[in-house]
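To keep things clear, I will list the structure first and then write my remarks on it.
The values are calculated or read from the model by the stated rules, or taken from the named source; none is laboratory data. Just so it is clear, the structure is predicted and the values come from calculations on it, not from any experiment. All Cβ positions, even for glycine, are placed from backbone atoms using ideal geometry, and neighbour counts span all protein chains on display. Only protein heavy atoms, including side chains, enter the accessible area calculation; ligands, DNA and RNA are left aside. Shrake-Rupley method; radii C 1.70, N 1.55, O 1.52, S 1.80 Å.
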Amino acid sequence: MTIRHPELTLRPLRAEEWETWYSTLDVAFGGGGEAPAERALWHELTEVERSLAICEGERIVGGGSAFSFRLVVPGGAVVPAAGVTMVGVLPTHRRRGALTAMMRRLLADVRAAGESLAVLTASEPAIYGRFGYGQGTRKAVVSMLRGRVKVHTPERRGGLVLRLADPTAELARCEELYARLATRRPGTLLRQPGWEKLPVLDAPESRSGFSPLQSVLAEDPETGELLGYARYAVKDDWNERGAAGVVRVRAVQAEQPWVYARLWEFLLDLDLTERVEAFNLPADDPLLHLVSDVRHLTPRMMDAMFVRLVDLPKALGARGWAQPVDAVLEVTDAFCPWNAGRWRLTAAPGKPATCVPTDEPADLALDVRELGSAYLGGTSLTALAAAGLVHELRPGVLEPVSAAFRSGLEPWLPHGF
């Protein structure tokens, strides 16, 4: 891919250049630096063979990379997806076409690898829409005052014991539970080897006054089976009224509603604390329905993962469908022109979908970005149409096609990358 400024070149990263490359990207993101443990983990996880360097002569001035993910899509299928990451250019070398050239190269590499999807989290969401990425998942950021919110506990289905445990020592058991739950919700990543370390990464330099990471396990008292877990940290604080500590929740996982509720009940009743914060919950998290007064929950919705269809027919053929659909989509895609054109989508619940080129009249017209937003089932085509981003060309077709795209649970990305 050619950069419009000839002094800049784009090439594969060499393994021995990782430290220089990563330090350059750190400067591109503000130069805050990372704790040695965090840096070491990203070094371990980086796929050098999927990484690019933007250079001025031999000097690295930017770069980008991709992770080889396994992504859960509606219907419970798991598909390969490229997790585009570490995208940055030094502030002295922006506005020269380097980012555009690199994004084209990354998507071409994704297609060559046979992956139908690329996903990313955005430092600035406005940047990536022009490359065909649509907001595919949201997250709820929640803050609750202890004592003002009670948790309704559904009917118990057995005994339960809560036990404090070392997060790392119990990691394997918790990962088994995570894997069982993962395919229930679109947007979830099946963690590949090495990625299980990310949820328990706990560098002292990055705690911002909070305690070391803590973990509470919910176990069956008779069998010892792990039924759920929560990870959290506590910040000690005091004011004129007394204790005002903060509980920062990293994760809460459980298969049964009553176990999930019991873990939140525990988190909302820790001594010497005043507030509980969670920065990444599903947009439809059960907690929103378990609390006694949602007005004291103060949830805020934020963007999370952005989705890009790289091989449109393959991507649409891989996911499940909520109801039958037979429609012609007219898709624009300025960045990956092989996706552009009219596609006849035929699908039904429990059956493989087909998506083939056609000359038939179009029923809906939309950009690939809007397909990315709707792909995991969290954003409706009808909502996008109300914003003028999807156009109904045959009356009556929009609502059934939109309903077919939806998923039972809101898609959710459990952690960044």
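Some observations on this one:
- Pair Arg59, Arg180: separation of 7 Å Cα→Cβ label points (nm): 5.6
- Full extension of the chain between Val78 and Ala37 gives 11.7 nm of extra length, using 0.36 nm per residue less the Cα-Cα distance.
- Projecting label points 7 angstrom from Cα along Cα→Cβ for Arg300 and Thr332 puts them 3.4 nm apart.
- 222 nm mean residue ellipticity, helices alone, for the chain (DSSP H n ≥ 4; -39,500 (n - 2.57); rounded to 500): -6500 deg cm²/dmol
- Gaussian network model of the chain, Cα within-10 Å springs - most flexible of Thr346, Thr223, Thr153: Thr223
- Whole-percent carbon and sulfur share, accessible surface of the chain, 1.4 Å: 52
- Reported to the nearest whole Å, the Cα centre-to-centre distance from the range 18-72 to the range 143-209 is 28.
- Cα-based shape type of the range 172-218, given that a ≥ b ≥ c are square roots of the gyration tensor eigenvalues and the cut on a/c is 1.5: prolate
- Amide H contacts under 5 Å for Gln214: Tyr232, Ala233, restricted to partners 5 or more places along the chain or on a different chain, H placed in the peptide plane at 1.01 Å from N.
- Modelled label positions at Glu399 and Leu272, each set 7 Å beyond Cα in the direction of Cβ, lie 5.8 nm from each other.
- Potential lengthening between Asp359 and Lys150 on full extension [0.36 nm per residue; Cα-Cα distance subtracted]: 69.4 nm
- Rounded, prolate or oblate (a/c below 1.5 giving rounded, otherwise prolate when a/b exceeds b/c) for the range 1-123 by Cα gyration tensor: oblate
- Potential lengthening between Ser68 and Ser143 on full extension [0.36 nm per residue; Cα-Cα distance subtracted]: 23.6 nm
- When you restrict to C-alpha pairs under 8 Å that are six or more residues apart and normalise by the size of the chain, the relative contact order lands at 19 percent.
- Cα centroid separation - the range 73-133 against the range 377-413, whole Å: 23
- Accessible area (Å², per residue) of the chain, counting only protein heavy atoms and a probe of 1.4 Å: 44
- Modelled FRET efficiency - R0 30 Å, Glu124 with Arg157, Cβ distances, 0.05 increments: 0.10
- Farthest towards the positive end of the charge dipole of the chain, among the residues Pro199, Ile3, Leu106, is the Cα of Ile3, using unit charges on the Cβ of Lys, Arg, Asp and Glu.
- Within the listed set Gly377, Gly396, Gly63, the Gaussian network model of the chain (springs between alpha-carbon atoms below 10 Å) gives the highest mean-square fluctuation for Gly396.
- Between Arg262, Arg104, Arg157, the GNM of the chain built on Cα springs shorter than 10 angstrom shows Arg157 fluctuating the most.
- Cα gyration tensor, the chain - rounded (a/c under 1.5), prolate or oblate: oblate
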